[in-house]
Amino acid sequence: MLKRLTGSFSVFGLFVGFLFLCASLTPSLLPRLPITQGALSGVAFAAGYGTGKGFYFLWLWLDGPNFPPPRQKMVNWVLSLISIMLAMATFSRIATWQNSIRSLMEMPDVDTGYPWMVAGIALGIALVLILAARGIIWLAQKIIGWLGRVLPRNLSIGLGAVLAVFLVFSVVNNFVVQTALRFADTVFAATDRQTAEGVTPPTHGLASGGANSVVTWDDVGTNGKDFLVTGPSQADIAAFTGRDALEPVRVFAGFGSGDDFEERAQAALEDLINFGGFDRSVLIVATPTGTGWLDPAAVEPVTYMHGGDIAIVSTQYTYVPSWLSIMVEPDRSRLAARALFFEVYNYWTNLPEGARPKLYLFGLSLGALGSEASADLVTLFSDPIDGALWSGPPFASTVWASTTAGRNADSPAWLPEFRDGALVRFMNQDGIAVPEGSEWGEMRLLYLQYASDPMVFFSTRLAFRRPDWLGESRGRDVSPFFNWYPIVTFLQVGFDVPMATSTPSGYGHTYDALDYIEGWLSVTDPPNWTISDTERLNALYTGFVASPI
């Protein structure tokens, strides 16, 4: 039976499969665990096998010339030998390739057993996928046979193939995908209802969930509660600055604070007004990640810069991770951000210009996608906000994408310069890209992005087009061995996306507090702030590690 199984494989399909497998072993944006690399390589091999076998059948269908049996046997041996040699060569290099990324991200080298674990996992997954594809083909043949009794041959073939794919898709979607999503929803919803040990409702009267809040503490999710009570207090800020400080105003309407985006936004606005948020010097409208997480590395340092004379307001729109939410419900962040922005903005614009706070936007990951789309340009320019800081804008971010596409010709896609830099700028670990002779305008929009962040640089176009960010000039945290291969690079970066926050701080999708500090200093330009203050704040947050998204 084993001999029959192995003999049933297409040699040319196996050859193309090995090409895909070898390409998948080369580095992409992130270092991979053995199970991740094995899964990727197994999927790549199966995709390559299907591609090769498909081209072979197309060749036969087009009546392409074929080799006589003796020569065909020789060709098969040659292809098999080349496949084995390529696999041996690439598996011997896999540790070097993985370590080329790990060294850039200051991570330890892979274990010596890494290639063997990858090979075993890849073989198992590839075999399962190929056999599953054969099962679909078998089902299609059965349906074609049944239809062929009453329909013309070509019609039965076409209709049978469509019906087989439809049946399999329906079964997988309804009984596998939907079940998995419902299970994930239950798990994430339960996680969101938990409260970390030691986290209790605020008592100072300037944060949601306390005695003076319209937001009930139990309606705020886990990450929202952390934001409300774990940031620096008035005493912490005063001790750091050596000057008088205020207790920051923190407003967060949880997922349970309203039945829709508008109700949550209205609850947040009511708290913001009651707490005197519009009487502060700085007001930040923040859009969280999918789980309702506001990165402490982003929202804590800015409170020190402004002596606590600041209000931060946010609402939760879901409780699932950003990488999952962006695939199944990407518009939720946009709708939530737009609802909150217009509630705050409409109230803000009705205040006297000299007696209202400076207004800024913030968003990380899926929050950046929503925040950048929260207001149209007509609204912004009729009564401009003061700026925004958006970090890790995901690949679906349309404003980021159009701005990057319109970058100055001499600037790289991973750190663009946009026109004269007066309105929009980009930054990474090495600082802000500023066009020569540029000066910030009244409204300052800043994107923080790392060249190694797959959430930013993933695209379906990777399947058939080399991206601009993968040329000779590339970010310093991108492996020099990372090359583009059709289809395979799409799979590689696609597998990187769920692992985007597995990197050390300052790489991938894990944004470092020191970069946030530089970004907020540039965008908000805090008064009476000195270089010495920056150095001390950097020292305070050096090595700061925030919770994962």
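The values are calculated or read from the model by the stated rules, or taken from the named source; none is laboratory data. The structure presented is a predicted model; accordingly, all values stated were derived computationally and were not measured. Every residue, glycine among them, receives a Cβ derived from its backbone with ideal geometry; neighbour counts consider all protein chains shown. Ligands, DNA and RNA are excluded from the accessible area calculation, which covers all protein heavy atoms including side chains. Shrake-Rupley method; radii C 1.70, N 1.55, O 1.52, S 1.80 Å.
A compact table of results
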quantity: Region 275-318, residues that are over 24 Å from Ala513 (Cα atoms) and either at pLDDT 95 or above or not polar (S, T, N, Q) (or both); calculated: Phe275, Gly276, Gly277, Phe278, Asp279, Tyr317
quantity: Subset of region 306-347 (residues that are of a type in the set (Phe, Trp, Tyr) and surrounded by fewer than 18 Cβ atoms within 10 Å (Cβ to Cβ)); calculated: Phe342, Tyr347
quantity: Selection within region 125-153 - under 46 Å from the mean Cα position of the chain (by Cα), of a type in the set (Gly, Ala, Ser) and surrounded by fewer than 17 Cβ atoms within 10 Å (Cβ to Cβ); calculated: Ala132, Ala133, Gly135, Gly145
quantity: Leading residue by the ranking (nearest to the chain's Cα centre (by Cα)) among those in region 264-280 that are open to solvent by less than 10 Å² (accessible area, probe 1.4 Å) and under 16 Å from Ile310 (Cα atoms); calculated: Ala268
quantity: Filter result (under 21 Å from Ser505 (Cβ atoms) and either open to solvent by 60 Å² or more (accessible area, probe 1.4 Å) or of a type in the set (D, E, K, R) (or both)) within region 422-432; calculated: Asp430
quantity: Residue among Ala451, Ala500 that alone is at pLDDT 95 or above and under 20 Å from the mean Cα position of the chain (by Cα); calculated: Ala451
quantity: Residue selected from region 277-304 under the condition touching a strand residue (DSSP E or B) at 6+ places or on another chain (Cβ under 7 Å) and assigned to a loop (DSSP other than H, G, I, E, B), by the criterion nearest to Ala337 (Cα to Cα); calculated: Pro288
quantity: Which numbered condition Pro27 fails, given (1) in contact with a Ser or Thr (Cβ under 7 Å, 6 or more places away or on another chain); (2) assigned to a helix (DSSP H, G or I); (3) over 14 Å from Ile130 (Cβ atoms); calculated: (2)
quantity: Matching residues in region 315-358 - criterion: being part of a helix (DSSP H, G or I) and aromatic (Phe, Trp, Tyr); calculated: Trp323, Phe341, Phe342, Tyr345, Tyr347, Trp348
quantity: Given (1) over 31 Å from the mean Cα position of the chain (by Cα); (2) within 20 Å of Gln316 (Cα to Cα); (3) of a type in the set (Gly, Ala, Ser), number of the condition Ala196 does not satisfy; calculated: (1)
quantity: Residue in region 51-58 that is at pLDDT 90 or above, assigned to a helix (DSSP H, G or I) and either closer than 13 Å to Phe20 by Cα or in contact with a helix residue (DSSP H, G or I) (Cβ under 7 Å, 6 or more places away or on another chain) (or both) present; calculated: yes
quantity: Residue check for Ala196: farther than 22 Å from Val285 by Cβ and not in a helix (DSSP H, G or I); calculated: yes
quantity: Residue that is surrounded by the fewest Cβ atoms within 10 Å (Cβ to Cβ), among those in region 374-396 that are in a loop (DSSP other than H, G, I, E, B), more than 13 Å from the chain's Cα centre (by Cα) and modelled with pLDDT of 90 or more; calculated: Pro384
quantity: For Leu21: the one exception among (1) modelled with pLDDT of 90 or more; (2) among the aliphatic types (A, V, I, L, M); (3) surrounded by fewer than 18 Cβ atoms within 10 Å (Cβ to Cβ); calculated: (3)
quantity: Residues located in region 80-137, provided they are more than 30 Å from Leu167 (Cα to Cα) and small (Gly, Ala, Ser); calculated: Ser80, Ser83, Ala87, Ala89, Ser92, Ala95, Ser100, Ser103, Gly113, Ala119, Gly120
quantity: Residue within region 223-245 that is crowded, with 20+ Cβ neighbours inside 10 Å and at positive phi present; calculated: no
quantity: Residue match in region 361-368 (condition: within 22 Å of Gly494 (Cβ to Cβ) and of a type in the set (Phe, Trp, Tyr)); calculated: no
quantity: Sole residue being touching a Pro at 6+ places or on another chain (Cβ under 8 Å), of a type in the set (Phe, Trp, Tyr), part of a helix (DSSP H, G or I) and at pLDDT 85 or above, chosen from Trp146, Trp138, Trp97; calculated: Trp97
quantity: Flag for Val523 being in contact with a Lys or Arg (Cβ under 7 Å, 6 or more places away or on another chain) and open to solvent by less than 50 Å² (accessible area, probe 1.4 Å); calculated: yes
quantity: Residue that is of a type outside the set (Lys, Arg) and either at pLDDT 95 or above or surrounded by 21 or more Cβ atoms within 10 Å (Cβ to Cβ) (or both), where the choices are Pro416, Pro435; calculated: Pro416
quantity: Failed criterion for Arg474 (all others in (1) within 22 Å of Asp295 (Cα to Cα); (2) open to solvent by 40 Å² or more (accessible area, probe 1.4 Å) hold); calculated: (1)
